[in-house]
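**Student:** One structure coming up, written as structure tokens, with questions to follow.
The numbers here are math on the coordinates, done by the rules we state, and not lab data. The structure displayed is predicted, hence computed values, not measured ones. Virtual Cβ from ideal backbone geometry, glycine too; neighbours counted across all protein chains shown.
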Amino acid sequence: MTPPIATLKDVAELAGVSRSAVSRTFTKGASVSAKTRERVMRAADQLGYRPNFLARALSTRRTRLIGLVSNNFHNPVFLEVFDLFTRGLQDRGLRPLLVNLSNETNPGNSVQLLQQYSVDGVIVASSTLPPIFAKAFRDAGMPVVHAFGRQTDRPKFDVVGIDNIACGGIAARCLIERGYRHVGFMGGPESATSTQDRWLGFRTTCAEHPGITLSHSFAAAYTFEAGRAQMLRLLGTHPAEAYFCGDDVLSIGALSAAASNGIRVPEDLGIIGLNDMEMAGWQNINLTTIRQPIDQIVAASIELMVASLDDPDRKPEVRMHVCEIIERGTLNPPPTAVRETPQTANPDSVPSRNA
């Protein structure tokens, strides 16, 4: 027979303290003496007591629930994102509520859904959900952080991410420096702000280099299937020498399409992605990519959410993180730096090795 679940009253009676003393012991930041805390914790361990956070929420009106909102569950990189977010929030005493907004176009519906659960805040973890979703949560009085959001000089809510325009420029320079003259951009959905910004940075940088031929196209989604389908279409026309695919999962789909057509990478076709998700480093993929520091973005997003919960009137921030190229095997190698031989004032007066 299962023993009855211990209650706060049981702990108070065993510890010989009031119920409020037990409650304060399990409330972060509450005032309680070391002696009382020790007695309560000893009694709680003996009874196997665990605080009922839902019951506490009724009295404090704080649920500690954080809505973790996204819309691209087909992209494997979000397995890493959700893992980091859920563990990070739980480490801060917060409880993530994962919300799938795939195919959702009405921010009002999302607000109503989150209000039903009385969340204390919302983290929008998406580069494809437009800013109107984060704005709708903010307008409803919820603290909001848009992780992987779009850079702005006048933030209405906290934004954490990367400069996607700069990343497009990094990709373009990388391809040009490696000798490619016909380069292509194969982005995700054209409506996504991340796609728009990466394409802007890519084409702007290409325009600064005479003799570069540029083409572009957009996949239907940030998925393997969409990347493969789009590259199969491109290979049936006049493909570029190398592509910036704008996302690792698109790049892996493109690699699959190339293999199906007997096209060697990087000998016949160059590919560079963006994200550096775990799969990109697998030996059979070995994707050269631009690393987005996902762990830093997640940590900063959680930090800003906690700051907003502690101080709802604080001013919103924008934190953009630096990206870097991760060298693997899907592009021509970088040009070898030419070493200059230092010249002496008198070439005939070179010291003897035995001098």
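**Student:** For segment 132-197 and segment 84-114, what is the separation of their Cα centres, given in Å?
**Tutor:** 20 Å
**Student:** Another one. In what sequence do Ser194, Ser215, Ser301, Ser308 fall when counting other Cβ within 10 Å, fewest first?
**Tutor:** In order of increasing Cβ crowding within 10 Å: Ser215, Ser308, Ser194, Ser301.
**Student:** Return the distance in nm (one decimal) between the two label points of a simple spin-label model at Met41 and Ile5, each offset 7 Å from Cα along Cα→Cβ.
**Tutor:** 2.4 nm
**Student:** For Gln296 and Lys156, what does the FRET efficiency come to when R0 = 22 Å and r is the distance between their Cβ atoms, rounded to the nearest 0.05?
**Tutor:** Here the calculated transfer efficiency is 0.45.
**Student:** Right, another one. Comparing Ile290, Ile132, Ile162, which has the greatest mean-square fluctuation in the GNM of the chain with Cα pairs linked when under 10 Å apart?
**Tutor:** Ile132
**Student:** Work out, step by step, the length gained on full extension between Glu225 and Asp83: first 0.36 nm times the residue separation, then minus their alpha carbon distance; give nm to one decimal. Mind dumping the intermediate values first?
**Tutor:** Numbers: separation 142, 0.36 × 142 = 51.12 nm, distance 2.36 nm.
The span from Glu225 to Asp83 would gain 48.8 nm if fully extended.
**Student:** What net charge is computed for the residues neighbouring Ala240, neighbours being all others with C-beta under 12 Å from the C-beta of Ala240, Lys and Arg scored +1, Asp and Glu -1?
**Tutor:** That sum, taken over residues with Cβ under 12 Å, equals -1.
**Student:** When the label point is put 7 Å from the Cα of Ser217 along its Cα-to-beta-carbon vector, which residues of segment 180-197 have a backbone N closer than 20 Å?
**Tutor:** 180-192, 195-197
**Student:** Quote the FRET efficiency, to the nearest 0.05, computed for Glu267 versus Glu317 with a Förster distance R0 of 56 Å and r equal to the Cβ-Cβ distance.
**Tutor:** Values: r = 46 Å, r/R0 = 0.82.
After rounding, the FRET efficiency stands at 0.75.
**Student:** Using a 7 Å offset from the Cα along the Cα-to-Cβ direction at both Ile326 and Trp282, what is the distance between the two label points in nm, to one decimal?
**Tutor:** Here the answer is 1.4 nm between the modelled labels.
**Student:** Which shape class, rounded, prolate or oblate, goes with segment 164-293 when its Cα gyration tensor gives a ≥ b ≥ c as root eigenvalues, a/c under 1.5 marks rounded, and past that a/b bigger than b/c marks prolate?
**Tutor:** Here segment 164-293 falls in the rounded category.
**Student:** Estimate the FRET efficiency between Ala259 and Asp91 by the formula 1/(1 + (r/R0)^6), using the beta-carbon distance for r and 30 Å for R0, to the nearest 0.05.
**Tutor:** Step by step, r from the Cβ atoms, then E = 0.15.
**Student:** Calculate, in nm to one decimal, what Asn103 and Glu208 gain on full extension: separation in residues at 0.36 nm each, minus their alpha carbon distance. Walk me through the numbers on the way to the answer.
**Tutor:** Numbers: separation 105, 0.36 × 105 = 37.80 nm, distance 3.80 nm.
Result for the pair: 34.0 nm of gain on full extension.
**Student:** Same structure again: With the contact rule set at Cα under 8 Å and sequence spacing of 6 or more, what percent relative contact order holds for the chain?
**Tutor:** Over the chain, the number comes to 14 percent.
**Student:** Can you tally the lysine pairs in the chain where the Cα-Cα distance is under 24 Å and the two residues are eight or more apart, or on different chains?
**Tutor:** 5
**Student:** Could you calculate the contour length gain from Arg50 to Thr336, that is, 0.36 nm times the residue separation minus the distance between their Cα atoms, to one decimal place in nm?
**Tutor:** Value of the extension gain: 96.8 nm.
**Student:** Step through the residues of segment 304-319 one at a time and calculate ³J(HN,Hα) from phi using the Karplus curve (6.51 cos²θ - 1.76 cosθ + 1.60, θ = phi - 60°), rounding each to whole Hz and writing x for Gly and Pro.
**Tutor:** For segment 304-319, the Karplus curve yields 6, 5, 4, 4, 5, 5, 6, 9, x, 9, 5, 6, x, 10, 10, 10 Hz.
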